[in-house]
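Some notes on the structure that comes next.
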Amino acid sequence: MNPPVWVTILAGGAGHRFWPMSTPARPKQLLPLASSRPLIADTIERVSGLVATERLRVLAGEGLVEPIRAATGLGRESFLVETRAMGTGPVLARAAWEIARHDPGAIMISLHSDHIIEPVHAFRNVVGAAVETARRERLLLTVAVPPDRPETGYGYIRPGEALDAPTGHRAYRVGAFVEKPDSAAAARFIDQGYRWNTGIFIWAAGVFLRELERCAPEVAGALTHLERGDSAAFFEETARISVDKAVLERSGRVACIDAAFRWDDVGSWESLARNRLSDADGNVCEGEVHLSGSEGNIAVADSGRLALFGVEDLLVVQTGHVTLVMPRSESPRLKDYLRKLPPHLLEPGSGRGPDAASG
């Protein structure tokens, strides 16, 4: 593409909402939750037709570099190490700074490592249109999805003024961002034409850095450490903040382009149920699971076997370490429940709790 395009992949989260399969040593981006491959491998394959490997950067903590390399075959040079988990604002600022230093004028595409997107050709088409719009209009773009259900776990966007976009695409200024509404508001947003914010971002690295300086001095002020080659000091001194709060919600240069593909954020066990076939009784099963007189369950046997008799609407996940049983209705609160567990149940020998990493 012209101008040059780089891709960054946010892969540093711990994925506690997929516990007990997801652990700090093997978080959800390393699990085969969308296909037979790890989520991170699916994400890299998705952009293989957009950029060469030398313009791909995975953003993750040091402890995940080798596991991700083993799952993807990437070289060490493809990683930007987050020495301290400080949120998406600082890590994307660091990535934009590195890209602008190597390739002034480059466009940066930021992806998450845990999305389901299909078909791939439609995704690439939308991203190509977004790259052209970001280049021409000097805007910070996010890809938006028309919602198909009143989801309370996603951020929403109110569309604003329409923009010129490549033929076959719809782009517009962001009227407002709304974070994780309650059920009534989410239903109302669907009727009012709001969109889901996918967190897929496209912008010129230089434009983003200028908006960062204007909108987020608590992050931009630490960039001087990168100029001295000290990324550890940058992460020590920057603020802990998301890119949404640091820049997108403060900037007047933010726009959206509508997706023309199916998108799902693999954020919880319920997302697995949305993306797997169920049996005649509404059960979604993975592994060796035997059911009788049971309806509406999610049952995952990662190690060994499961038998469910006469139960309804449960989440049951078995690993070689622990077995989780809870009502499906309570699964959105899984991360809260984990705070009450002793560390050795979260991961053997880790001593880590659900606040030890972002995600």
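Per-structure values
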| read-out | value |
| --- | --- |
| Per residue accessible area in Å² of segment 177-221, where ligands, DNA and RNA are left out and the probe is 1.4 Å | 42 Å² |
| Segment 245-293 - charge dipole about Cα centre, Lys and Arg +1 at Cβ, Asp and Glu -1, debye rounded to 20 | 480 debye |
| Fraction of beta bridges assigned by DSSP in the chain that are antiparallel (%, nearest 5) | 50 percent |
| Mean-position separation - Cα centroids, segment 146-214 and segment 247-263, in angstrom | 5 Å |
| With every protein chain in place, the chain: carbon and sulfur % of accessible area (1.4 Å) | 48 percent |
| Paramagnetic label zone (point 7 Å from Cα along Cα-to-C-beta, V325; backbone N under 17 Å) in segment 1-44 | 20 |
| Gain in span if fully extended, D302 to R170, counting 0.36 nm per residue against the direct Cα distance | 43.3 nm |
| Convex hull volume per residue for segment 119-171, taking Cα atoms only, in Å³ | 107 Å³ |
| Segment 84-137-segment 19-53 distance, computed between alpha-carbon centres (Å) | 17 Å |
| For segment 75-91, 3J(HN,Hα) per residue [Karplus equation, 6.51 cos²θ - 1.76 cosθ + 1.60, θ = phi - 60°, Hz, x = Gly/Pro] | x, 4, 5, 7, 10, 10, 7, 8, 6, 8, 6, 10, x, 6, x, x, 5 |
| Cubic angstrom per residue, convex hull over Cα atoms of segment 174-268 | 147 Å³ |
| Additional length obtainable on full extension of the chain from R240 to I190, 0.36 nm per residue less Cα span | 14.8 nm |
| Area of Y154 that stays accessible when all protein chains are in place (1.4 Å probe, Å², to 10) | 20 Å² |
| Selection from P181, L10, A246, by position along the positive dipole direction of the chain (Cβ) | A246 |
| D336-R228 pseudo-label distance in nm [points 7 Å out on the Cα-to-Cβ vector] | 4.3 nm |
| Only Lys, Arg (+1) and Asp, Glu (-1) charged, at Cβ; the chain dipole about Cα centre in debye | 620 debye |
| Accessible area of segment 96-151 divided out per residue, in Å², using a probe of 1.4 angstrom | 36 Å² |
| Amide H partners (placed H, <5 Å) of G155, local residues excluded | K180, N197 |
| Rounded tilt (10° steps) of 62-72 against the dominant C-alpha axis of the chain | 80 degrees |
| For segment 207-359, alpha-carbon Rg over 2.2 N^0.38 Å | 1.47 |
| Cβ-derived FRET efficiency at R0 30 Å, R250 paired with H344, nearest 0.05 | 0.10 |
| Under 5 Å, built H, 5+ apart or other chain: amide partners of A307 | H290 |
| By accessible area with a 1.4 Å probe, ligands and nucleic acids excluded, highest first: order of T323, T133 | T323, T133 |
| Nitroxide proxy distance, nm - points 7 Å out along Cα→Cβ at R101 and E77 | 1.6 nm |
| Tilt relative to the chain, helix 205-215 - C-alpha long axis, 0 to 90 degrees, to 10 | 90 degrees |
| Cα-centred dipole magnitude for segment 148-242, charges only on beta-carbon of K, R (+1) and D, E (-1), debye, nearest 20 | 340 debye |
| Amide H within-cut-off set for N297, under 5 Å, with H built and near neighbours excluded | N283, V284, D313, L314 |
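The values are calculated or read from the model by the stated rules, or taken from the named source; none is laboratory data. Source: prediction; values computed, not measured. Glycine also receives a Cβ, built like all others from the backbone with ideal geometry; neighbour counts cover every protein chain displayed. When the accessible area is computed, the model is the full protein with side chains, heavy atoms only, and any ligands, DNA or RNA have been set aside. Shrake-Rupley method; radii C 1.70, N 1.55, O 1.52, S 1.80 Å.
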